[in-house]
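Q: Next up is a structure, given as structure tokens.
The values are calculated or read from the model by the stated rules, or taken from the named source; none is laboratory data. As the structure is a computational prediction, the values presented were derived from the model and not from experiment. As a convention, Cβ positions derive from the backbone with ideal geometry for all residues, glycine included, and neighbour counts pool all protein chains shown.
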Amino acid sequence: MTRAEQIAANLAGVRARIAAAARAAGRAPDSVRLLAVSKKMPADDVRAAIAAGQRAFGENYAQELRDKSALLAGDPAPPEWHFIGPLQSNKVKYVAGRVALAHSVDSGALLDAIEARGAPQACLIQVNVAGEASKKGVAPAELPALLDRFAAMKNVRCEGLMLIPPRGDARPHFAALRALRDREAAVARPNVELRELSMGMTEDMEVAIAEGATIVRVGTAIFGPRPAAG
């Protein structure tokens, strides 16, 4: 089996998992979008996934996104890019206005930097539900203030929330994010429409879908282990 054939087979398996999990939760399979996480994978792997019907891809590093998107920009079917990693204000120029969705807004300063680029940009707020010191994300108590800040923006809008849960039982954290989304969605704010929940990866996508995920971020199950750093 070629590399492209393996990626296509893996994608089919992941799609089947998503569809089964959605049906088990009483949801339509097309209510969950698959984001193929392509960080550290070559452009040819992205091309293989596109050939197998995948459209949206997530990158974690701003400069890798810049370089890979440039390589694929001239292709007949260029990807829909999402940025899912931590974003520093000095790297915003590689992301703002260049991706369909920026998943990891976690501060007013970062929001201001994205707004200052002057390009329309849809965002998600990353929430650190568990309060882990090792992870980025706004604290749940600070979420309303950051959503209020979106209301004053001209170029940037918030379309939902994102979560990277602690290792172990992720379900309580997924449920907590959904509850936060539902609570804040009831508050009318300009530039805010909280329809997305970006949560769930290779090992826990079924649980995330059961708890309301609308976007699952899957890398290893599609592309295999990432190359070792060297």
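Q: Report the residue count in the range 46-72 for those that are within 14 Å of Asn10 (Cα to Cα) and either of a type in the set (A, V, I, L, M, F, W, C) or surrounded by fewer than 21 Cβ atoms within 10 Å (Cβ to Cβ) (or both).
A: 7
Q: Yes or no: Ala22 in contact with a Pro (Cβ under 9 Å, 6 or more places away or on another chain), surrounded by 19 or more Cβ atoms within 10 Å (Cβ to Cβ) and more than 19 Å from Arg226 (Cα to Cα)?
A: Criteria met by Ala22.
Q: Would you call Arg27 over 17 Å from Val95 (Cβ atoms), surrounded by 14 or more Cβ atoms within 10 Å (Cβ to Cβ) and either among the aliphatic types (A, V, I, L, M) or out of contact with any strand residue (DSSP E or B) (no Cβ under 6 Å at 6 or more places or on another chain) (or both)?
A: So Arg27 passes the test.
Q: Only one residue in Asp45, Asp30 is of a type in the set (Asp, Glu), touching a residue at least 40 places away in the same chain (Cβ under 8 Å), under 26 Å from Ile164 (Cβ atoms) and outside any loop (DSSP other than H, G, I, E, B). Which one?
A: Asp45
Q: Please verify whether the range 194-202 includes one or more residues that are more than 18 Å from Ala28 (Cβ to Cβ) and surrounded by fewer than 18 Cβ atoms within 10 Å (Cβ to Cβ).
A: yes
Q: Ala188 passes all but one of (1) assigned to a helix (DSSP H, G or I); (2) farther than 30 Å from Ala16 by Cα; (3) out of contact with any Asp or Glu (no Cβ under 7 Å at 6 or more places or on another chain); which number fails?
A: (1)
Q: Looking at Ile164 and the list (1) within 23 Å of Val95 (Cα to Cα); (2) among the aliphatic types (A, V, I, L, M); (3) not in a loop (DSSP other than H, G, I, E, B), which single condition is not satisfied?
A: (3)
Q: Can you name the condition, by its number, that Leu111 falls short on among (1) buried (at least 20 other Cβ atoms within 10 Å of the Cβ); (2) farther than 17 Å from Gly97 by Cα; (3) at pLDDT 95 or above?
A: Result: Leu111 passes all but (2).
Q: Continuing with the same structure: Is it the case, given these coordinates, that Gly200 is assigned to a loop (DSSP other than H, G, I, E, B), modelled with pLDDT under 95 and of a type outside the set (D, E, K, R)?
A: no
Q: Moving on. Based on what the data block shows, is Asn90 of a type outside the set (Ser, Thr, Tyr) and surrounded by 18 or more Cβ atoms within 10 Å (Cβ to Cβ)?
A: no
Q: Within the range 61-77, can you find the residues that are of a type outside the set (D, E, K, R) and either on the phi > 0 side of the Ramachandran plot or part of a helix (DSSP H, G or I) (or both)?
A: Ala62, Gln63, Leu65, Ser69, Ala70, Leu71, Leu72 - these are the residues of the range 61-77 that are of a type outside the set (D, E, K, R) and either on the phi > 0 side of the Ramachandran plot or part of a helix (DSSP H, G or I) (or both).
Q: Can you tell me which of Val187, Val129, Val138 is at pLDDT 95 or above and touching a helix residue (DSSP H, G or I) at 6+ places or on another chain (Cβ under 6 Å)?
A: Just a single option satisfies the conditions, and that option is Val138.
Q: If you don't mind, another one. If only one of Ala179, Ala213, Ala208, Ala221 is surrounded by 14 or more Cβ atoms within 10 Å (Cβ to Cβ), in contact (Cβ under 8 Å) with a residue 40 or more places away in the chain and not in a loop (DSSP other than H, G, I, E, B), which one is it?
A: Ala221
Q: Among the residues of the range 131-149, is there at least one that is buried (at least 18 other Cβ atoms within 10 Å of the Cβ), under 10 Å from Val192 (Cα atoms) and hydrophobic (A, V, I, L, M, F, W, C)?
A: Yes, that holds for at least one residue.
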